[in-house]
Amino acid sequence: MQTFVPTSAAPASAMVTDQFYADPYPAYQALRVAGPLHWSTQFCGGAWLLPNYSDVASVLRDARFSVRRAGGWANSSGPDALAELREFKRIFSRSLLFVDAPQHTRLRQAMNGGFKPAAIQALAPQIQVIVDDLLDKILATPSGRFDFMRDFARPLPALVIATMLDIDGNDRAAFVAWSDDIAAFIGSPTPTIEIARRAQTSLLAMNDYFRALLPARRARPGHDLVSQLILAEAQGGIVTTKQLLAQCCTLLFAGHETTRNLLGNGMLALLQHPQQWHALRHNPSLLPNAIKELLRFDSPVQYSGRRLATDVCLHGQTMKKGQLVIALIGAANRDPAKFAVPDALNIVRNEGSHLSFGHGPHVCIGATLTYMEAEIALRTIMRRMPQLALHGAVPAWGNNAVYRSLQALPLCFAAAPAMAQPECMLHE
């Protein structure tokens, strides 16, 4: 393997640190200043890092940069990992997320029905009910204090995807735990065998959950996403039951990870910028644009990996077939060549598209759903909790380099004028 070491090797090799988890943006800035292309040994034995918007957008739509990387993950967890993680690799290698065209094109067409605008819009009343039920429980808290992640951002998308799949929402604790284990594996630059084992155990549990569900759903199909995948299988869009199960797991895992992090990161950003929060509350028509800015400002997904399907020359350097490329989405979204004053939150910003949902053929299939969930959630929170504020300690970030996620977000509210205000930092 070619070990290109640019003058900027130091910031690249030391990018993921404890400080990075708390705030990755200074590290991205250091990379941009040092140059447009960097080699780092922190990622699965070595990877090319791209911090600029133009390069990241180009890589995400270029077929020479393959998404087939499940085997590389397994290999990176130690010498015995490939054999031990065989089932994990097999399931993930069938997922929409990790296959290239033409297989990706066929699978995406098979899954598109459940994510058409009309189908998503039809979910709005159900999402509103879920949002109101969660807020009812929070507003009944006598102290006026709650953990936004635990009480709202985590359960909401899990309950929504359970509704779409027509599975028991009471199982959401298991769904979230399984997904957290998988996310910990994906989000580790070089996962340990222990992290990999937990991810495999959870992915197999998820796979078994859907396997047990299929006979009844085949016998009595409905309008849910699982039934639509069964129909796609009958029509040839999905060719095996194993492939069908892999897409079910993908929907359950990916169906709430991004939304949860958008809600947490976005709420924190708004409350840390009280003028922006105030402007949004007094002009809710700004909400669709504000959500786009929240996604740009602190992306739920910080990077996406690709494997080179062929040698590629970029910025005068030959990157070799089989090497890993890390498209730094979080860095691209703060690129001053694309966005003016990129480190500032500006809910009326209109400078082109963020890359938080990807770009090109692999753009997130559930992006429209995530936008709608976030809009319903934030609009309802602004109406029902007009004095929402940060409370107590600095929020705790998870140690995940890919999925930027808060472990907890302590907030407080004043539900009604007659209620005594809790001792917290009101931004009014």
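Readers should treat all values here as calculations from the given coordinates under stated rules, not as data from a laboratory. Just so we're clear, the structure is a prediction, and the values are computed from it rather than from any experiment. Quick reminder, even Gly has a Cβ in these numbers, built from the backbone with ideal geometry, and neighbours come from all protein chains shown.
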**Complete:** One finds the C-alpha centres of segment 272-307 and segment 86-141 to be spaced, in Å, by 21
**Prompt:** Hey, what do the phi angles of segment 182-187 turn into as Karplus ³J(HN,Hα) couplings, whole Hz, using 6.51/-1.76/1.60 and θ = phi - 60°, x for Gly and Pro?
**Reply:** 5, 5, 4, 5, 5, x
**Request:** Count charges around D311 for me, please; just the other residues with Cβ under 10 Å from its Cβ, Lys/Arg as +1, Asp/Glu as -1.
**Result:** +3
**Item:** Using a Förster distance of 35 Å, the FRET efficiency for D168-A234 (Cβ separation, nearest 0.05)
**Value:** 0.90
**Request:** Return the long-range amide H neighbours of S66 (sequence gap of 5 or more, or a different chain), with a cut-off of under 5 Å between placed amide H atoms.
**Result:** R307, L308, A309
**Prompt:** How high is the FRET efficiency between A101 and D136 when r is their beta carbon distance and R₀ equals 51 Å, given to the nearest 0.05?
**Reply:** 0.65
**Item:** Potential lengthening between R384 and D311 on full extension [0.36 nm per residue; Cα-Cα distance subtracted]
**Value:** 20.8 nm
**Anisotropy class of segment 148-264 from Cα gyration tensor, a/c 1.5 cut** = oblate
**Request:** Could you order peptides 362-374, 97-109 by the average number of other Cβ atoms within 10 Å of their residues, highest first?
**Result:** 362-374, 97-109
**Prompt:** Which of (1) 138; (2) 209; (3) 152 is the computed volume of the Cα convex hull per residue in Å³ for the structure on display?
**Reply:** (1)
**Message:** Please compute the modelled spin-label separation between R90 and A344, points set 7 Å along Cα→Cβ, answer in nm with one decimal.
**Reply:** 5.6
**Point-charge dipole on Cβ atoms (K/R +1, D/E -1) for segment 192-265, about Cα centre, debye to 20** = 160
**Request:** Only Lys, Arg, Asp and Glu count, each charged at its Cβ (+1, +1, -1, -1), so figure out the dipole size of the chain about its Cα centre, rounded to 20 debye.
**Result:** 1080
**Request:** Between the alpha-carbon centers of segment 357-411 and segment 24-73, tell me the distance in whole angstrom.
**Result:** 24
**Request:** Quickly estimate the mean residue ellipticity at 222 nm for the chain, helices only: each DSSP H run with n ≥ 4 gives -39500 (n - 2.57), and the total goes over all residues, rounded to 500.
**Result:** -15000 deg cm²/dmol
**Segments 269-276, 123-130, 282-289, 177-184 sorted - mean Cβ within 10 Å per residue, highest first** = 177-184, 269-276, 123-130, 282-289
**Request:** In whole Hz, with x marking every Gly and Pro, tabulate ³J(HN,Hα) for segment 141-147 from phi via Karplus 6.51 cos²θ - 1.76 cosθ + 1.60, θ = phi - 60°.
**Result:** 6, x, 6, x, 10, 7, 9
**Coil-residue trypsin sites (Lys or Arg not before Pro) of segment 297-372, DSSP, other Cβ within 10 Å capped at 10** = none
**Request:** Grab the chain and count how many Lys pairs have their alpha-carbon atoms under 23 Å apart, sequence gap of 8 or more, or different chains.
**Result:** 4
**Request:** Once you have a ≥ b ≥ c as the square roots of the Cα gyration tensor eigenvalues for segment 263-370, tell me rounded if a/c is under 1.5, and otherwise prolate or oblate according to whether a/b is larger than b/c.
**Result:** prolate
**Item:** FRET efficiency estimate (nearest 0.05) - Cβ-Cβ, R68 to H223, R0 25 angstrom
**Value:** 0.15
**Item:** 3J(HN,Hα) from dihedral phi, segment 27-40, Karplus parametrisation 6.51/-1.76/1.60, rounded to Hz, x for glycine, proline
**Value:** 5, 5, 4, 4, 5, 4, 5, 6, x, x, 8, 9, 9, 10
